[in-house]
Amino acid sequence: MRITRPRARSRFFGRYGGRFVPEMLVPALEELEEAYLSLRNNPGFKRELARIRRDFAGRPTPLAFAENLTRKAGGCRIYLKMECLAHTGAHKINNVLGQILLARRMGKTRIIAETGAGQHGLAVAAGAARFGLRCTVFMGEIDMRRQRPNVFAMEIMGAEIVPVRDGSRTLKDAVTAALKDWIEHLDTTHYLLGSALGPHPYPRMVREFQSVIGREVKRQLAALRISRPDILVACVGGGSNSLGLFHPFLRNGKVRCVGVEAGGRGSRPGDHAVRFGAHGRPGIVQGYLSYFLQDRDGQILPTHSVSAGLDYAGISPELADLHDRKRVEFVAVTDREALEGYRLLAAEEGIIPALESAHAVAYGVKAAADLPRSRVMVINISGRGDKDLFIAARALDRGNWLAFLKDEADRAE
Amino acid sequence: MPNDIAGTFLRRPKPLLMTHVVAGYPDLDESRKTVETMVENGADLVEIQIPFTDPLADGPVITAANRAALARGVRPKDVFAMVRRLTQNTAAPLLVMTYANIPHRMGFERFASACAEAGAAGVIIPDLAFDEAGGDWPGLFRRYGTAWIPVLSPGMQEERMRRILAGTSGFAYVTLRTGTTGARLRIGKAGLDFLGRVREVSGPPVAAGFGISRPEHVRALRNKADAVVIGSRLLELYNAGGAKKVGAFLRLCRREPESSSASG
């Protein structure tokens with residue numbers, strides 16, 4: 001028997017998605033779905049969300065013409081969607097505010113979340129602090145080490161950070177730990193999942209909250225008298241920033257959408273997070289059916305990326321479907337190329353992107369060179385790079401950086 | 001008949017004891033011997049877990065065993081070989097337990113056929129809802145002569161419970177609480193109430209699990225469940241003193257002593 005296109009189509013994107021969870025999670029997911037469906041078009045809820053997005057998150061974020069980058073690439077015009085200017089420094093806040101308003105209306109008093117790079121965790125910690133909710137964030141032990149600045153920021157906002165020591169000690173294991181915590185505390189707790197994946201209704205709900213990105217781009221381009229972009233570029237970890245940018249444009253077949261995966265340090269298993277490559281195939285993990293990096297038996301493979309936000313073994317089921325339908329193209333960018341993208345955007349435009357977004361920059365600049373000046377590219381700068389300072393500086397300016405760290409450590413003692 | 005679940009429930013004294021092992025932990029040979037020790041010491045049904053990298057419904061003790069078994073390179077085909085060997089010389093029905101990605105990768109049809117070939121009496125896949133993806137998963141396994149054992153949990157809707165029970169062959173596994181697997185000090189009222197609700201719906205026999213860690217838990221469930229499932233506690237005992245300690249605990253459970261400070 002094969003997994004077929006099911007009757008409950010809203011739970012699926014083509015053959016992907018679904019709600020593959022232990023029965024004990026079904027009531028909580030149904031409660032969430034019901035709350036979401038009843039509120040998503042509720043004028044009061046929409047007004048409240050719009051207000052908090054404007055006043056707290058700082059939306060709309062700018063769409064900036066990257067004049068120097070455009071000149072440097074020597075091809076099409078490059079615009080940057082500045083999600084890095086949203087409060088807490090990334091697009092993650094869009095989804096967080098939506099889900100927090102939902103959780104409050106469901107009467108939940110505690111929020112749990114998983115985080116890889118810490119961008120989602122930081123947004124959750126900020127949202128929970130703003131709305132007076134208790135907050136626990138699960139984070140892989142390795143990611144905690146890589147992203148110490150975000151750990152500090154989350155803690156100072158009152159969140160409890162739980163180090164996850166299971167498995168690969170990165171994002172995938174943080175997701176599992178959060179799901180397990182949720183199973184234990186369903187009555188009081190809302191699991192604020194950070195990407196457009198997991199069991200239904202998360203993929204649809206998160207994508208909808210993130211689509212504000214693409215909707216704004218549409219309006220902002222129209223204000224510039226540009227009828228449509230020719231190419232949209234976004235990095236893809238779980239897929240929330242890319243879907244948020246792409247979704248409002250998917251019906252227009254003339255808009256190319258390119259998702260950039262983490263090519264890491266090589267093509268061997270464990271060295272990358274390219275789900276649409278040699279080791280990615282459909283599977284059912286963490287509550288949903290999508291592409292996962294897995295071995296011949298269905299065991300999930302370890303991943304690597306210089307960016308803690310992209311090294312996830314699965315991918316949004318909606319993107320899996322868009323991949324199969326060839327509506328979204330996927331490419332991979334290596335760690336080294338991403339670091340070059342990071343340096344380039346800083347040097348040319350004075351913007352330090354998150355290492356995740358630097359993957360999109362690296363590909364975007366390369367692709368722009370081959371397109372005529374009349375074309376328009378939008379690159380989503382999904383987050384800013386403060387959090388990656390420790391990784392990037394060590395890679396790009398090793399000697400001075402290590403000396404600085406040593407000096408700081410000496411002074412701290 | 002080692003795969004006769006209905007007969008086992010009819011013939012053996014209630015509540016039956018159902019135990020759990022992670023195949024390949026600490027290695028394949030030892031886990032097979034542990035199953036034999038369990039059956040010799042009173043286990044009526046044994047659940048054999050194919051290890052998975054992301055066992056969503058399992059608590060820390062069983063998760064760690066999954067991890068260790070995988071680190072030794074245990075593969076699903078090894079587990080099927082182990083089940084096949086066990087069914088040839090153990091009287092207790094054996095149930096294959098794993099997570100949805102293992103059968104999905106293998107192909108559900110092939111997986112069902114492998115279960116049947118190995119002589120498994122039933123299959124437990126906690127993260128595969130009985131009707132998800134338009135599938136009739138219980139029907140698929142039934143066609144191969146393997147019972148689909150659903151896992152029911154407090155909080156589930158009456159209508160859904162009735163639908164699941166109506167299609168169940170074998171028995172239904174009821175968790176006494178929501179949460180992941182793991183030993184607990186006491187059985188909560190909510191769990192017992194839920195167990196009562198399931199039993200009111202006429203249907204297959206009911207096994208109760210999640211948190212069973214003392215012989216008195218077994219006694220407390222005597223007239224409330226047809227079987228009790230002991231998982232994490234046995235693994236903790238194994239880790240502390242090997243299969244011998246597991247056997248001693250099961251003998252204690254079998255005797256259902258009036259007073260016992262239990263078992264370590």
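Values in this text are rule-based calculations from the coordinates and carry no lab data. Just so you know, these numbers come straight off a predicted model, no measurement behind them. When we count neighbours, we look across all protein chains shown, and the Cβ atoms used for this are built from the backbone with ideal geometry, even at glycine.
Quick notes
- Using 0.36 nm per residue and subtracting the Cα-Cα separation, the extra length available between A:D397 and A:R228 on full extension is 56.9 nm.
- A straight line joining the Cα centroids of the stretch B:201-259 and the stretch A:60-128 runs 50 Å.
- For B:K189, the aspartates and glutamates whose Cα comes closer than 20 Å to its Cα, not counting residues fewer than 8 places off in the same chain, are A:E23, A:E184, A:D187, B:E158, B:E200, B:E216, B:D226.
- Pair-distance profile P(r), taking every C-alpha pair of the stretch A:1-160, with 10 angstrom steps and integer %: 9, 27, 30, 24, 9, 1
- In this label model, B:A6 and B:R251 are separated by 3.6 nm, measuring between points 7 Å along each Cα→Cβ vector.
- Fluctuation leader among A:L345, A:L179, A:L39 - chain A, Gaussian network, Cα springs under 10 angstrom: A:L39
- Counting charges near B:A147 (Lys, Arg +1; Asp, Glu -1) among other residues having Cβ under 15 Å from its Cβ returns a value of -3.
- Ordered from longest to shortest, the equivalent ellipsoid semi-axes for the stretch B:96-246 are 26, 21, 13 Å, each the square root of 5 times a Cα gyration tensor eigenvalue.
- Largest to smallest principal axis extent of the C-alpha atoms in chain B, angstrom: 48, 43, 33
- Long-range amide H partners of A:E114 with built H, under 5 Å: A:F138, A:G194
- Model label points for B:A240 and A:E141, set 7 angstrom from Cα along the Cα-to-Cβ axis, are 2.5 nm apart.
- Using 0.36 nm per residue and subtracting the Cα-Cα separation, the extra length available between A:L405 and A:L37 on full extension is 127.5 nm.
- Put in order of Cβ neighbour count within 10 Å, fewest first, the listed residues A:E33, A:E318 become A:E33, A:E318.
- Across peptide B:128-141, the mean count of Cβ atoms from other chains lying within 10 Å of each residue's own Cβ comes to 5.
- FRET efficiency, 1/(1 + (r/R0)^6) with R0 25 Å, evaluated for A:R47 and A:R134 via beta carbons: 0.40
- Note on chain B: GNM, Cα springs under 10 Å; of B:I164, B:I230, B:I48, the largest mean-square fluctuation is that of B:I164.
- Under 21 Å from the Cα of B:K245 - lysines, other chains or at least 8 residues apart: B:K33
- This ranking places B:T90, B:T180 by how few other beta-carbon atoms lie within 10 Å of each, fewest first, which gives B:T90, B:T180.
- Legend: distances between Cα atoms for A:K254/A:K326; A:K72/A:K92; A:K92/A:K387; pairs beyond 21 Å are A:K72/A:K92.
- Cα gyration tensor category, rounded, prolate or oblate, for the stretch A:124-179 with a/c compared to 1.5: oblate
- FRET efficiency, B:A91 to A:R265 (Cβ-Cβ, R0 35 Å, nearest 0.05): 0.05
- Area projected by the alpha carbon convex hull of the stretch A:203-343, averaged over all directions, nm²: 8.8 nm²
- Kirkwood hydrodynamic radius of the stretch A:201-256, from inverse mean 1/r over distinct Cα pairs, in Å: 11.5 Å
- Alpha-carbon centroids, the stretch A:156-175 and the stretch A:241-290: separation in whole Å: 23 Å
- Burial ranking of peptide ranges A:114-122, B:243-251 (average Cβ count within 10 Å, highest at the top): A:114-122, B:243-251
- Sequence-distant residues sharing a close amide H with A:A313 (under 5 Å, placed H): A:K172
- When B:R32, B:R222, A:R411, A:R207 are arranged by Cβ crowding within 10 Å, least crowded first, meaning fewest neighbours, the order is A:R411, B:R222, B:R32, A:R207.
- Residue with peak Gaussian network fluctuation, chain B [Cα springs, cutoff 10 Å], from B:Y238, B:Y25, B:Y173: B:Y238
- Each Cα pair of the protein assembly as shown feeds into the Kirkwood radius, which the Stokes-Einstein equation turns, at 20 °C and 1.002 mPa s, into a diffusion coefficient of 82 µm²/s.
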